[in-house]
1. Across the range B:59-74, what is the number of residues that are within 9 Å of chain A (Cβ to nearest Cβ), part of a strand (DSSP E or B) and over 12 Å from the mean Cα position of the chain (by Cα)?
2. When the residues of the range B:1-58 are narrowed to those that are outside any helix (DSSP H, G or I) and farther than 28 Å from residue A:61 by Cβ, which ends up farthest from DNA strand C (Cβ to nearest atom)?
3. Residue pairs, Cβ under 8 Å, 6 or more apart or interchain, first in the range B:12-31 and without any contact (Cβ under 8 Å) to a residue 60 or more places away in the chain, second near DNA strand D (Cβ under 6 Å from one of its atoms) and in a loop (DSSP other than H, G, I, E, B). List them.
4. Could you please find all residues in the range B:173-197 being closer than 23 Å to residue B:336 by Cβ and in contact with a strand residue (DSSP E or B) (Cβ under 8 Å, 6 or more places away or on another chain)?
5. Considering every residue within the range A:121-130, establish whether at least one is at pLDDT 95 or above and assigned to a loop (DSSP other than H, G, I, E, B).
6. Filter the range B:60-80 for residues that are over 26 Å from residue B:221 (Cα atoms) and surrounded by fewer than 23 Cβ atoms within 10 Å (Cβ to Cβ) and give the result.
7. Could you tell me which residue of the range B:81-112 is surrounded by the most Cβ atoms within 10 Å (Cβ to Cβ), considering only residues that are more than 10 Å from chain A (Cβ to nearest Cβ) and in contact (Cβ under 8 Å) with a residue 60 or more places away in the chain?
DNA sequence: TATGTATCAGAAACCGGTTACATCATAGCG
DNA sequence: CGCTATGATGTAACCGGTTTCTGATACATA
């Protein structure tokens, strides 16, 4: 493979000049520029990004840490991240951690060695110390859709407590009093925030939240299915379930179907996330919508900002951005949708992009 | 940030020795090894992967080119790729091209400059010349789930013609004669193969395939929705639609619902891919299943093989792997499922992983 | 004509690793 | 006891760019 020295020799100039032409820097005669570019094109020279990065200390690569891209919550976030970063000339390394701390730690080590210009965590298992480790190594990071105890900067999140509160209140207003919570893993902060919103809403109605059943699952469809089977046994008196994310809510709907429980007549279900399939007319899941693409896009911009700021050696951290979730009332909560006469308008979920 | 020279000085050895310890190469006294490792840990040294890659000519990074990660067909492929490559110490750069040739070309240029160790194309717009360009630059590649005219090696594909043939035959056997084809973009090879399978099957029943309506769409839900509206107008005599992928088939189902057309009573629908949501009890889409995770995993292994083979300077290309698709009969085609008494068994699609 | 000032281009150091080769000490052997 | 084989370590070149510093040239000005 050709090097800059080959081009320099062939064009009869120095490597410095070739470099200047390639980065159109400073002053180079039109004549030499032409000569160099001609040589570059004729020989099909491709500069070596590694060598460039080694001396410029910029790789043009970012890391994106998520738990699992097959969870429909993440693709849109990833897309938001990728679109913004790519527009600024960056590439994205995708890291699926499955929520395992060791996998995450291994990825972080790899990303540090690759000297990525920044990392976006759309899923976190590390604690603050690992992040300050990154700070120490001069690698900016941002949290997308998650927070960590003790961190109230450099993150873009949705107000999970508010969203869960509204979802639960929606069920309460429909008259439900025996409401179960299908929980994500207890160690995940977003889940605990949603649980908190659930508790606040039920307490507001004079219910003792600790008497309402809570089952911990794994944010996956199969987990939601299993949790529902446990919660909806024969002696169950539950009339509604608030489910910590849509994927599990889908599992709950499957379980209800298999148990011959009618939704929403016998059981109201509300999810969280508003993943694309929630809007399908055959599902019509009532859920708390998060602006997923925007979360990714905002996080990416925040990271770019942070990088800029490091270079101009100003303040190192960005503000916290809180996006507002929106309760999306559909069929599965059994709310009276009659004000909207007749059929729902055609739903074409992915038309907006 | 620390360099290997800092460690060498601090430990009182040469950089060569530090390097040897870090790569546990050759012979180093237990004594010095301990001394070096102690220094490395004490100072928290992280080797610079760029420098390493520059001299070893290995980056430990691969590129994965897909059209859009928010298309539910791709996450599983990406996951298969990532799992395998990560197990071998590689990272994956994700590239969303939206099927645009220019975006793809730009990404390829970037990946070449970054000197990735290989590229997996799960979506291709380039022609053979760009690929031989990669060959010329010594960057191995593999096609996953797609072929290109004139290429019959280095790819793992599903037999699209067979799959489409079986799907169409399924409709024909159910008595349908007026069958429409909701097509993906005509320039995409997998789509043309599916169309070919559709033609072969209909011809086999003495139908003139050119008389059956075909509408080109974009492989997206909204596209399928729009195509269905065109195909299912008031004067339509179609009783079945074969749809080139599941995402569009979902759009077709939405359209049918909005047009008050009963599926499968008034219209049978068959898709292709078997994306996760096709199996949901509320959808039950009959479709041709592709082993998506396996496509990604096999492609990744094939790429690793190819890299090995380049190093041992043997043959440069791998065989073609053809996986067999499987017709998954569900509700939307209206087949008589009565042999299976009563309810379908609980479907928990993501339980297998 | 002499001097100051821009502009253009080259030489060489540098980024931070790896590794071929050289050196040196020690052990083994006749 | 001297020679060689072996193993541990160091020296320095190299990977392929960027960038500082410096020199050369041309032009304008006094």
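1. Going residue by residue through the range B:59-74, those that are within 9 Å of chain A (Cβ to nearest Cβ) are B:59-61, B:63-64, B:68-72, B:74.
Those still in the list that are part of a strand (DSSP E or B) too: B:61, B:63-64.
Subsequent filtering for residues that are over 12 Å from the mean Cα position of the chain (by Cα) retains B:61, B:63.
Summing the residues that are within 9 Å of chain A (Cβ to nearest Cβ), part of a strand (DSSP E or B) and over 12 Å from the mean Cα position of the chain (by Cα) in the range B:59-74 gives 2.
2. Taking the range B:1-58 as the starting set, the residues that turn out to be outside any helix (DSSP H, G or I) are B:1-3, B:12-14, B:23-29, B:44-48, B:57-58.
In the following step, the residues that additionally are farther than 28 Å from residue A:61 by Cβ were identified as B:12-14, B:26-29.
Numbers: B:12: 16, B:13: 11, B:14: 7, B:26: 8, B:27: 10, B:28: 11, B:29: 11 Å.
Out of the qualifying residues, it is B:12.
3. Going by the 8 Å Cβ cut-off, the qualifying pairs are B:17/B:28; B:20/B:26; B:20/B:28; B:21/B:28.
4. Let us first name the residues in the range B:173-197 that are closer than 23 Å to residue B:336 by Cβ, namely B:173-180.
Across the range B:173-197, the qualifying residues are B:174, B:176, B:178, B:179, B:180.
5. Applying the first criterion (at pLDDT 95 or above) to the range A:121-130 yields A:121-122.
Subset that is assigned to a loop (DSSP other than H, G, I, E, B): A:122.
Within the range A:121-130 (the criterion being at pLDDT 95 or above and assigned to a loop (DSSP other than H, G, I, E, B)), the answer is yes, since at least one residue qualifies.
6. Residues of the range B:60-80 over 26 Å from residue B:221 (Cα atoms): B:60-63.
Answer for the range B:60-80, where residues must be over 26 Å from residue B:221 (Cα atoms) and surrounded by fewer than 23 Cβ atoms within 10 Å (Cβ to Cβ): just B:60.
7. Once the filter is applied, the top-ranked residue is B:85.
Conditions (1) modelled with pLDDT of 95 or more; (2) more than 11 Å from DNA strand D (Cβ to nearest atom), marked per residue:
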| position | (1), (2) |
| --- | --- |
| B:6 | yes, yes |
| B:24 | no, yes |
| B:47 | yes, yes |
| B:54 | yes, no |
| B:61 | yes, yes |
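The values are calculated or read from the model by the stated rules, or taken from the named source; none is laboratory data. None of the values given here were measured: they were computed from a predicted structure. Note that we place each Cβ from the backbone using ideal geometry, even for glycine, and neighbour counts take in every protein chain shown.
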